[in-house]
1. Taking R0 as 22 Å, what FRET efficiency do you get between LYS189 and VAL127 from their Cβ-Cβ distance, rounded to the nearest 0.05?
2. For THR18, THR91, THR151, what ranking results if the residue with the fewest other Cβ atoms within 10 Å of its Cβ goes first?
3. Averaging sequence separations of C-alpha pairs under 8 Å and six or more residues apart, then dividing by the length of region 115-209, give the relative contact order as a whole percent.
4. Estimate the FRET efficiency between THR151 and ALA249 by the formula 1/(1 + (r/R0)^6), using the beta-carbon distance for r and 41 Å for R0, to the nearest 0.05.
5. Work out the length of the dipole vector of region 8-205 about its Cα centre, built from +1 on the beta-carbon of each Lys and Arg and -1 on the beta-carbon of each Asp and Glu, and round it to the nearest 20 debye.
6. Please list log₁₀ I(q)/I(0) at q = 0.10 Å⁻¹ for region 8-205, using the Debye equation with identical point scatterers on the alpha-carbon positions.
7. Non-local amide H neighbours of SER138 (under 5 Å, H modeled in plane, Pro and chain starts lacking H): which ones?
8. Sort ASP60, ASP27 so the one with the fewest other Cβ atoms within 10 Å of its own Cβ comes first.
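Values quoted throughout were computed directly from the atomic coordinates according to the rules given, and no laboratory measurement underlies them. Source: prediction; values computed, not measured. Here the Cβ is made from the backbone with ideal geometry for all residues, glycine too, and neighbour counts use every protein chain on show.
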Amino acid sequence: MREEEIQKLGPSGKLLGTQVDAVTFPDVIQRVSYWVNNKVPAGIIAANVHVVMEGVDHPDYQKLVNETELVTPDGMPLVWFLRRRGFRQQTRITGPDLMLLLVQEAARQGWRVGLYGSSPETLANLVRNLEERYPGISLPYVFSPPFRPATDEELETFHSELKNNDIQLLFVSLGCPKQERFIHEQKAKSTCVMAAVGAAFPFHAGTLRKAPKAMQQLGLEWFFRFLVEPRRLWKRYLTTVPRFIWLYARQEFFSKSKN
């Protein structure tokens, strides 16, 4: 597939100013395969309401998200937004689903994969689970960074490790907005594809429960996660979700008024 064809895949819409790409899972495989096999540095973000609202509050963050090569609709509100824009068959492409899709393709094509983020214990469980589920997957780089900004020396070591291990696809799990900022700042210094996958590491390591399918389909995964981790998430959800609903309703109202 030629680069110009890649660029035509997945038309975008902007939700409260943040890019959301209308793509299918096969579209994602096509794009990532092109980037990996041609050593094109690229970023992927699985965006949800938190990402959108972070962009509303921080224009510099929204700008870097909009400059990212692929932004998939992780949350159901983003899926509903795209469906209202004419992409009727749009489905969720979540960070955890995206990760497994790409790990499966990496095992098939022989890509060398890296994992960056989370705790050493979570990473150990994650590596074991991925190697059991996808025989032949190559995971030569696995790193749990400290819970602080990386120093210049640490970033130099990071890029040396990517190069020395010939990493072609790197999954980053640092939480929003840290992981998106990290990818934006570091992707151009490498030749690999970097994907921000949120809570995918603990999900696939078996240390964090996923919401039931019914709650996911109703757009209530955020509520399930709030029930599981109330002390960490209460402030985010009690302030973010109501503001998002109000701003999204206002955007839709003015969009209809113009038509």
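1. Details: r = 25 Å, r/R0 = 1.14.
Given R0 = 22 Å and the Cβ-Cβ separation, E is 0.30.
2. Ranked by crowding around the Cβ, least crowded first: THR151, THR91, THR18.
3. About 37 percent, as a whole number.
4. With R0 = 41 Å, the Cβ-Cβ based efficiency is 0.40.
5. With only Lys, Arg, Asp and Glu charged at Cβ, the dipole is about 780 debye.
6. For region 8-205, the Cα-only Debye profile gives -0.38.
7. So SER138 has HN proximity to VAL113.
8. Details: ASP60 11, ASP27 17.
Ranked by crowding around the Cβ, least crowded first: ASP60, ASP27.
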